[in-house]
Amino acid sequence: MFIVSLTYICDLKEVDNHLSSHVEYLEKQYEEGNFIASGRKVPRTGGIILSKLDSLEKLNKVLEKDPFYQNNLAKYDIQEFIPTMTSKDYENLKEE
């Protein structure tokens, strides 16, 4: 699993100009099974995406399609981790 932390590197007005296309991008990634959760940081300095793609290479190719990436609006920090313990509601996230 991967945690993608986006940090905006521009004015929020510029982010808002591309927000609808970013949401469309996210919806497509959910449909394709690439993302499992996403949302804004609080305070609004960026966002977080959780992905269960099986390789960093595949994830990078998917992230390159993000309008925020294509318009240089955010910095992307990626952390891979292996969830070995979860609550009963999220056992489907566990990896061996």
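Since every read-out is calculated from the coordinates, none of them should be taken as a lab result. Treat the numbers as computed from the prediction; the structure is a model and nothing was measured. For neighbour counting, all protein chains shown are included, and Cβ atoms are generated from backbone atoms with ideal geometry for every residue, glycine included.
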(message) Using only the alpha-carbon atoms, how far is helix 19-31 inclined from the longest principal axis of the chain? Give it as 0 to 90 degrees, nearest 10.
(response) 20
(request) Would you pull out the residues with amide H under 5 Å of ALA74's amide H, same chain only if 5 or more places away, H placed 1.01 Å from N? (result) ILE9
(request) Report, by chain and number, residues whose modeled amide H sits under 5 Å from the one on ILE36, excluding near sequence neighbours (fewer than 5 apart, same chain). (result) LEU50, SER51, LYS52
(message) About the Cα centre, and with charges only on the beta carbon of Lys, Arg (+1) and Asp, Glu (-1), how big is the dipole of the chain? Nearest 20 debye, please.
(response) 260
(message) Apply the a/c threshold of 1.5 to the C-alpha gyration tensor of the stretch 34-78 and tell me whether it is rounded, prolate or oblate.
(response) oblate
(request) Please work out which option in [x] 3, 12, 17, 19, 18, 16, 11, 4, 1, 0; [y] 3, 13, 17, 18, 16, 11, 8, 5, 3, 2, 2, 1, 1, 0, 0; [z] 3, 12, 23, 25, 18, 10, 6, 2, 0 gives P(r) over Cα pairs in 5 Å bins from 0, in percent calculated from these coordinates, and answer with its label. (result) [z]
(message) At 7 Å along Cα-to-Cβ for each site, give me the label-to-label distance between PHE81 and LYS28 in nm.
(response) 3.0
(request) Quick one: what are the phi-derived ³J(HN,Hα) couplings along the stretch 40-56, Karplus 6.51/-1.76/1.60 with θ = phi - 60°, whole Hz, x for glycine and proline? (result) 7, 7, 10, x, 6, 10, x, x, 10, 10, 10, 9, 9, 4, 8, 7, 5
(request) Order these peptides, 7-15, 64-72, 77-85, by their mean beta-carbon neighbour count within 10 angstrom, highest first. (result) 64-72, 7-15, 77-85
(message) If each residue of separation counts as 0.36 nm, what is the full-extension length gain between LYS41 and LYS94 once their alpha-carbon separation is subtracted?
(response) 16.7 nm
